[in-house]
Amino acid sequence: MTPSLHSSGKTPAEPQRGPNRRRFLAVAASTVASPMVFAQAPYPSKPITIVVGFAAGGIADALARTAASLLAEKLKQSVIVDNRAGAGGTIAAGIVAKAPKDGYTLLMASTGHAVTATMMKPLPFDAVNDFASVGGVAASPLVAVVRADAPYKTFGDVVAAAKASPMVYGSGGAGTLTHLLPELVASSTGAQFTHVPYRGTGPAIVDLLGGRVEFVMDLVQTALPHISAGKLRGLVVSSRQRSPQLPDVPTLADTLIPGLDAQGWYGLLAPNGTPAAVLDQLSAALNAALNDPAMAARITNLGSTPIGGTREAFMSLLRSEVKRWGEIVTAKNITS
């Protein structure tokens with residue numbers, strides 16, 4: 001190697017070797033041998049987004065906004081709700097599945113997330129394996145309602161009549177829980193139900209009041225005003241325990257299908273691969289929020305009950321719901 005020359009044209013003398021040089025070389029060697037460590041900003045260091053697959057104003061949106069406000073308080077960071085409605089919630093799920101795995105983009109998943117895993121194929125994501133659990137937020141029971149002047153005093157009366165002759169019911173749309181739950185009851189009891197899908201349970205209730213369908217299974221919070229007004233009669237709820245809003249209405253588990261607990265559920269998912277430490281921090285904040293009396297009261301006012309629990313428990317629920325509703329979708333050949 002040709003040495004560099006100074007302006008004098010002479011080769012510079014070799015630096016003197018000694019203790020200082022040896023110390024310098026030792027430090028340089030250790031710097032090269034060790035990987036460089038960069039300080040990372042503590043999580044969360046920027047706003048978190050909860051993506052909701054349904055329009056503003058519905059139960060999923062209301063629960064997402066309730067969770068967002070209290071998560072923001074617990075995490076000391078802004079939490080934004082982003083409504084990406086369409087395709088049964090799969091647009092929102094697809095966005096989150098492909099989002100960076102950093103804990104800043106979450107999905108407000110619902111029962112529909114489990115249903116579309118079977119009903120809408122192919123999907124650009126796997127409803128289970130492409131997601132990691134943060135935790136459950138709330139569960140919302142359904143109530144079977146008939147007109148106040150209907151001859152049916154119990155849901156057992158409805159099933160008995162439907163065994164003798166097919167009975168028409170309305171739902172909020174093909175593949176919704178308001179559709180699948182009656183089909184589950186039919187499979188379990190031998191009742192003959194004829195399905196009429198609507199674009200939401202609102203129009204289905206209108207036709208129920210008008211006598212064009214015989215019953216509807218709707219979320220408690222949306223059916224309650226009609227029950228309170230004396231226009232509809234609640235016959236049975238789908239949760240294992242009675243609804244606090246309808247304490248006099250029995251459960252399907254107590255009357256027709258022992259052990260049944262079939263509710264609409266909502267919870268937070270993150271992209272699979274999100275660091276466990278971040279997921280644990282989110283889960284801890286979510287559970288702290290759900291244990292807050294103010295949060296519990298707000299969820300109860302929405303006709304729901306807090307879920308909470310571990311990340312593993314919510315992922316187990318998701319897997320079991322994919323299996324349960326997938327079996328109904330396949331057996332009844334339900335398509336979107």
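The values are calculated or read from the model by the stated rules, or taken from the named source; none is laboratory data. Everything numeric here is computed off the predicted structure, so don't read it as measured data. Methodologically, a virtual Cβ is constructed for each residue, glycine included, from the backbone with ideal geometry; neighbour enumeration extends over all protein chains shown.
Find the residue count for region 156-178, including only residues that are out of contact with any Pro (no Cβ under 6 Å at 6 or more places or on another chain) and closer than 29 Å to Gly88 by Cα.
Start the filter on region 156-178 by keeping residues that are out of contact with any Pro (no Cβ under 6 Å at 6 or more places or on another chain), which leaves 156-168, 170, 172, 175-178.
If we keep only those that are closer than 29 Å to Gly88 by Cα as well, we get 166-168, 170, 172, 175-178.
Looking only at that region, the number is 9.
Candidates Gly230, Gly267: the one that is small (Gly, Ala, Ser), at pLDDT 95 or above and within 30 Å of Asn287 (Cα to Cα) is Gly267.
Kindly indicate which of Leu286, Leu260 is in contact with a helix residue (DSSP H, G or I) (Cβ under 8 Å, 6 or more places away or on another chain), part of a helix (DSSP H, G or I) and on the phi < 0 side of the Ramachandran plot.
Testing whether each residue is in contact with a helix residue (DSSP H, G or I) (Cβ under 8 Å, 6 or more places away or on another chain), part of a helix (DSSP H, G or I) and on the phi < 0 side of the Ramachandran plot leaves just Leu286.
When you scan region 41-69, how many residues do you find that are surrounded by 13 or more Cβ atoms within 10 Å (Cβ to Cβ) and part of a loop (DSSP other than H, G, I, E, B)? Working first, answer last.
Here is the first cut: in region 41-69, the residues surrounded by 13 or more Cβ atoms within 10 Å (Cβ to Cβ) are 43-44, 48-54, 56, 58-69.
Restricting the remaining residues to those that are part of a loop (DSSP other than H, G, I, E, B) gives 43-44, 53-54, 56, 58.
Residues flagged as surrounded by 13 or more Cβ atoms within 10 Å (Cβ to Cβ) and part of a loop (DSSP other than H, G, I, E, B) within region 41-69 amount to 6.
Please tell me if Ala127 is in contact (Cβ under 8 Å) with a residue 60 or more places away in the chain, assigned to a loop (DSSP other than H, G, I, E, B), closer than 29 Å to Arg298 by Cα and not charged (D, E, K, R). In short, yes. Looking across region 198-216, just one residue is buried (at least 23 other Cβ atoms within 10 Å of the Cβ) and farther than 14 Å from His179 by Cα, and that is Leu208. Contact map, region 202-224: first residue under 17 Å from Pro141 (Cα atoms), second residue in a loop (DSSP other than H, G, I, E, B) and among the polar types (S, T, N, Q), Cβ cut-off under 6 Å, separation 6 or more or different chains; pairs are Val220/Ser243; Val220/Gln245; Leu224/Gln245.
Select from region 204-233 the residues that are closer than 25 Å to Trp325 by Cα, in contact with a strand residue (DSSP E or B) (Cβ under 8 Å, 6 or more places away or on another chain) and not charged (D, E, K, R) and list them in ascending order.
First, pick out the residues of region 204-233 that are closer than 25 Å to Trp325 by Cα: 204-205, 213-223.
Within this subset, residues satisfying the condition of being in contact with a strand residue (DSSP E or B) (Cβ under 8 Å, 6 or more places away or on another chain) are 204-205, 213-221, 223.
Hits for region 204-233 are Ala204, Ile205, Val213, Phe215, Val216, Met217, Leu219, Val220, Gln221, Ala223.
Counting only residues that are more than 23 Å from Leu260 (Cα to Cα), over 28 Å from the mean Cα position of the chain (by Cα) and in contact (Cβ under 8 Å) with a residue 24 or more places away in the chain, which one in region 225-238 is surrounded by the most Cβ atoms within 10 Å (Cβ to Cβ)? Can you show your working first?
Taking region 225-238 first, the residues more than 23 Å from Leu260 (Cα to Cα) are 225-232.
Narrowing further to those that are over 28 Å from the mean Cα position of the chain (by Cα): 228-232.
Of the ones still in play, those that are also in contact (Cβ under 8 Å) with a residue 24 or more places away in the chain are 230-232.
Working: Gly230: 8, Lys231: 15, Leu232: 25.
So, considering only residues that are more than 23 Å from Leu260 (Cα to Cα), over 28 Å from the mean Cα position of the chain (by Cα) and in contact (Cβ under 8 Å) with a residue 24 or more places away in the chain, the one surrounded by the most Cβ atoms within 10 Å (Cβ to Cβ) is Leu232.
Report yes if Val158 is aliphatic (A, V, I, L, M), touching a residue at least 12 places away in the same chain (Cβ under 8 Å) and over 23 Å from Gly326 (Cα atoms), otherwise no. The answer is yes for Val158.
Quick check on this structure: which one of Leu269, Leu252, Leu219, Leu256 is surrounded by 20 or more Cβ atoms within 10 Å (Cβ to Cβ) and over 30 Å from Asp130 (Cβ atoms)?
Numbers: Leu269 fails: over 30 Å from Asp130 (Cβ atoms); Leu219 fails: over 30 Å from Asp130 (Cβ atoms); Leu256 fails: surrounded by 20 or more Cβ atoms within 10 Å (Cβ to Cβ).
The conditions single out Leu252.
Between Phe193, Phe155, which is among the aromatic types (Phe, Trp, Tyr) and either within 21 Å of Arg240 (Cα to Cα) or surrounded by fewer than 16 Cβ atoms within 10 Å (Cβ to Cβ) (or both)?
Working: Phe193 fails: either within 21 Å of Arg240 (Cα to Cα) or surrounded by fewer than 16 Cβ atoms within 10 Å (Cβ to Cβ) (or both).
Sole residue among the options that is among the aromatic types (Phe, Trp, Tyr) and either within 21 Å of Arg240 (Cα to Cα) or surrounded by fewer than 16 Cβ atoms within 10 Å (Cβ to Cβ) (or both): Phe155.
From the list Gly200, Gly135, Gly173, the lone residue that is on the phi > 0 side of the Ramachandran plot and assigned by TED's automatic domain parsing to the domain that holds Pro275 is Gly135. Scanning region 86-104 for residues that are of a type outside the set (Lys, Arg), modelled with pLDDT of 95 or more and either more than 17 Å from Ala127 (Cβ to Cβ) or part of a loop (DSSP other than H, G, I, E, B) (or both) yields Ala99, Pro100, Asp102, Gly103, Tyr104.
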